[in-house]
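Student: Here it is, the structure, as structure tokens.
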Amino acid sequence: MRALLRHVPSVAVTALAAAALLLAAVDAPLWVAVVVAMVALAGTLWLLRRRLTRPGTGTLGAYAPARSIVAATVVVCLGRTDLSVADSLAVCATVAALVLVPFEPAAGRLWRAGTRPVAHLPGVELDTPARRRGAATVVLGGTLVLAVSAVSVFVAWCGVVAFVAAFVLAVLTAWWTLDAIRRRPGLRDTIAAGLEAYAAPVMIYLTGPGGTDYQFKVWQDQFENLGLRAVVVVRETPLAYKVAELTSLPVVGASSLADLEAVQVPSFRVALYVNNGTKNTHNIRYGDLTHVQLLHGDSDKPSSFNPVTAMFDKVFVAGQAGIERYWNHGIPIPREKFEIVGRPQVADIALAGERPEGPFTVLYGPTWTGFNADNNFGSLHVGAEIVRGLVRRGWTVIFRPHPFSLRDAASRAHIAAIEEILRADAASSGREHVFGEDASATMTLVDCFNASDALVSDVSSVPADYLYSEKPFVIVQVDDGPVDAFLAEFALGRAAYVARAVEPASIEAALDGLAHDTMADVRREMRTFYLGDIPRETYAEAFPAAVRALVDANPAPAVPTERLDRGEEPTDPQEDADDEDE
């Protein structure tokens, strides 16, 4: 049903365009046909509003049926006038816009082939106007040509404006396309030469759908402070542009297998991964690299003991819990593949008792619903009940949901309800609750940790990281199984006050536990188990030291290894399948 609903807006604007064409063809008043056509164009632009602001070529060809039918409508409407010279120019402009619509996807493929997302790589500048803003220019420009041509039905001189605009748009499109064709043959050589000159020993490999940049952000500070040169290789073009905005590290997009082959320069000795994305297999086949799985979170979720992880040469984990998690679930990864490096992201978390005096503050940080039911540990569906319990106790709340929760309609509704509770309580009590952009963008997760006295969360990496502070926390059990079974599966719960989502009284009892904490000793013991027995003074140094040791153990060859000719055509049929959003 959800998949069908996604097509409703497209069908609606196409139906409006078809209605306009029908009105024009049956001799309905011209103004009626033109108004309906303009509404269809406005609806198309509204649906494209987000895509028009993004770099890349994902907008090209979008809502082509609606735009083509509107173009036909304008031609019919102009044909019903006396066809002055200006009207004739408007017809030419409209036909040009109509012809351009089916050409857009082909132009997009050529533009993508003529450049790559490459940022911050010394000596390599490949970004072009076509790649950066060409799609928005063509689609928005073509739509405006149609709109002005439609107005020329009543205001003749608008036909001249439409013709000039269409001519400029056609010239730009042709120029960008020819430039892409000219650039394409030497593109991979240019990128490889820049990488060879930069001579980075570390590749940070990233793949995933839109929004995956948050997984990179988890490790961003550590990557930027490795003490070694590193390059981020990104398999999806929109994601590459997003990451390039986040970091000063060199970023190289490699959407096809041939592109990925071309970036395999001899200086790369270690490849770091932050997820178990499907396309990881494309890179792990390069046996001269040491492949290291980091994951973006260390928790008791199934994603933290995925059997796929066994294919990596090394698996960095925060503590002994990360090793036993695999073994306890029947995944026989040899001990020598694991390396305990701590969780460097927590090094700046303040210890309990170090927070300034003030009102008791609780961070509510629920996880998301996951990609499937087996990974759904989110507590947002009882979040309103939890937050009411917090404010009823007179506590200040920091509310920071998982960023992927905003992708789900039901989760967005829960978030809105929770924020309304906090907004109303702030107005009546004067408590300065923190939520929305203030909690999710202005503050980092570590900032939220340090500003809080306690945490309410669920099965995710959030309570595991919070353990470093030794402050009390609640973990919400969202399934309806017995607590003993929950604790056997999720050992971190033994250091938490467990709240069962199906029992309101259990939630209240767990929240009371935060105010009358008796589990400090258990948390200190679990901290070592989950986050490693590493001195606080040198905690942040364990990860970069481990990466440097792997680089030293795998020196670059004296002679570059053989690889496919960089000019060879892509061999994978999915070259462009995941290159653009939506």
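Student: Taking the 0 to 90 degree range and rounding to the nearest ten, how far is the long axis of helix 30-47 tilted relative to the main principal axis of the chain, both from C-alpha atoms?
Tutor: That works out to roughly 30 degrees.
Student: Also, quick follow-up: Rounded to the nearest angstrom and ordered from largest down, what semi-axes does the equivalent ellipsoid of segment 159-229 get from its C-alpha gyration tensor (root of 5λ)?
Tutor: For segment 159-229, the ellipsoid semi-axes come out as 40, 21, 10 Å.
Student: Could you tell me which of rounded, prolate or oblate describes the chain, using a ≥ b ≥ c as the square roots of the eigenvalues of the alpha-carbon gyration tensor, with rounded for a/c under 1.5 and, failing that, prolate when a/b is larger than b/c and oblate otherwise? Kindly include the intermediate steps, with their values, before the conclusion.
Tutor: Values: a/c = 2.74, a/b = 1.47, b/c = 1.87.
Oblate shape, in that a/c is at least 1.5 and b/c is the bigger or equal ratio.
Student: In addition: Hey, can you grab everything whose amide H is under 5 Å from the amide H of Ala499? Only 5+ residues off in sequence or another chain; H modelled, so Pro and N-termini drop out.
Tutor: Ile475, Val476, Gln477
Student: Summing -39500 (n - 2.57) over the DSSP H runs of n ≥ 4 in the chain and dividing by its residue number, what mean residue ellipticity at 222 nm do you reach, to the nearest 500 deg cm²/dmol?
Tutor: Working: 21 runs with 269 residues, N = 582.
After summing the helix terms and dividing by the residues of the chain, the value is -14500 deg cm²/dmol.
Student: In whole angstrom, note down how far apart the Cα centers of segment 512-533 and segment 39-89 are.
Tutor: The two parts, judged by their Cα centres, are 62 Å apart.
Student: Follow-up. Where does helix 135-151 land angle-wise versus the long Cα axis of the chain, in degrees 0 to 90, nearest 10?
Tutor: Between helix and principal axis, roughly 40 degrees.
Student: Can I ask one more? If you count the DSSP beta bridges with both ends in the chain, what percent of them are antiparallel, to the nearest 5?
Tutor: Around 5 percent antiparallel, to the nearest 5.
Student: Let me ask something additional. For segment 455-511, rounded, prolate or oblate, judged on the Cα gyration tensor with a ≥ b ≥ c (square roots of eigenvalues), a/c < 1.5 rounded, else prolate if a/b > b/c? If you can, show how the numbers build up before the last one.
Tutor: Numbers: a/c = 2.08, a/b = 1.37, b/c = 1.52.
The shape class here is oblate.
Student: Compute the semi-axes of the equivalent ellipsoid of segment 21-180, taking the square root of 5 times each eigenvalue of the Cα gyration tensor, and list them largest first in whole Å. Each step should come with its number before you reach the end.
Tutor: On the way: eigenvalues 215, 48, 25 Å².
Over the Cα atoms of segment 21-180, the ellipsoid semi-axes are 33, 16, 11 Å.
Student: I need the peptides 90-102, 453-465, 423-435, 506-518 ranked by packing, meaning the mean over residues of other C-beta atoms within 10 angstrom, with the highest value on top. Please report the intermediate quantities before stating the final value.
Tutor: Working: 90-102: 21.9, 453-465: 26.2, 423-435: 14.8, 506-518: 16.4.
Answer by packing, highest mean first, reads 453-465, 90-102, 506-518, 423-435.
Student: Right, here's the next one. At a Förster radius of 35 Å, what calculated FRET efficiency corresponds to the Cβ-Cβ distance of Asp521 and Arg423, to the nearest 0.05? Don't jump to the answer; show the numbers that get you there.
Tutor: Values: r = 38 Å, r/R0 = 1.10.
The pair Asp521/Arg423 has a calculated efficiency of 0.35.
Student: While we're here: Using a Debye calculation, one point per C-alpha and no hydration shell, please list log10 I(q)/I(0) for segment 392-462 at q = 0.17, 0.22, 0.28 Å⁻¹ in order.
Tutor: Those come out to -0.67, -1.12, -1.47, one per q.
Student: To the nearest Å, what is the center-to-center distance of segment 479-497 and segment 255-326, using C-alpha atoms only?
Tutor: If we compute the Cα centre of each part, the gap is 29 Å.
Student: Relative to the longest principal axis of the chain, what angle (0 to 90°, nearest 10) does the C-alpha long axis of helix 187-198 take?
Tutor: For 187-198 against the chain, the angle is about 30 degrees.
Student: Can you tell me how segment 222-316 classifies by the Cα gyration tensor, rounded, prolate or oblate, using a/c under 1.5 as the rounded cut? Working shown, then result.
Tutor: Details: a/c = 1.42, a/b = 1.26, b/c = 1.13.
Judged from the Cα gyration tensor, segment 222-316 comes out rounded (a/c under 1.5).
Student: Over 27 Å between Cα atoms, which of Lys279/Lys471; Lys301/Lys471; Lys279/Lys301; Lys242/Lys337 qualify? Intermediate results must be reported in sequence, preceding the final value.
Tutor: Working: Lys279/Lys471 39 Å; Lys301/Lys471 22 Å; Lys279/Lys301 21 Å; Lys242/Lys337 32 Å.
Going by Cα-Cα distance, Lys279/Lys471; Lys242/Lys337 fall outside the 27 Å limit.
Student: Quote the relative contact order of the chain in percent (integer), defining contacts as alpha-carbon pairs under 8 Å separated by 6+ residues. Working shown, then result.
Tutor: Values: 1007 pairs, mean separation 76.2, N = 582.
Computed over the chain, the figure is 13 percent.
Student: Count neighbours as other Cβ atoms within 10 Å of each site's Cβ, and list the trypsin sites (Lys or Arg not before Pro) in segment 1-103 that are DSSP loop with at most 14 such neighbours.
Tutor: Details: sites: Arg2, Arg6, Arg49, Arg50, Arg51, Arg67, Arg80; in loops: Arg49, Arg50, Arg80.
Answer by residue number: Arg49, Arg50, Arg80.
Student: Show me, for segment 310-316, the HN-Hα J-couplings you get by feeding each phi into the Karplus relation (A = 6.51, B = -1.76, C = 1.60, θ = phi - 60°), rounded to Hz, glycine and proline as x.
Tutor: 4, 6, 7, 5, 9, 10, 7
We did not get these values from a lab; they are worked out from the coordinates using the rules stated. Quantities reported herein were computed from a predicted structural model and do not represent experimental measurements. Glycine also receives a Cβ, built like all others from the backbone with ideal geometry; neighbour counts cover every protein chain displayed.
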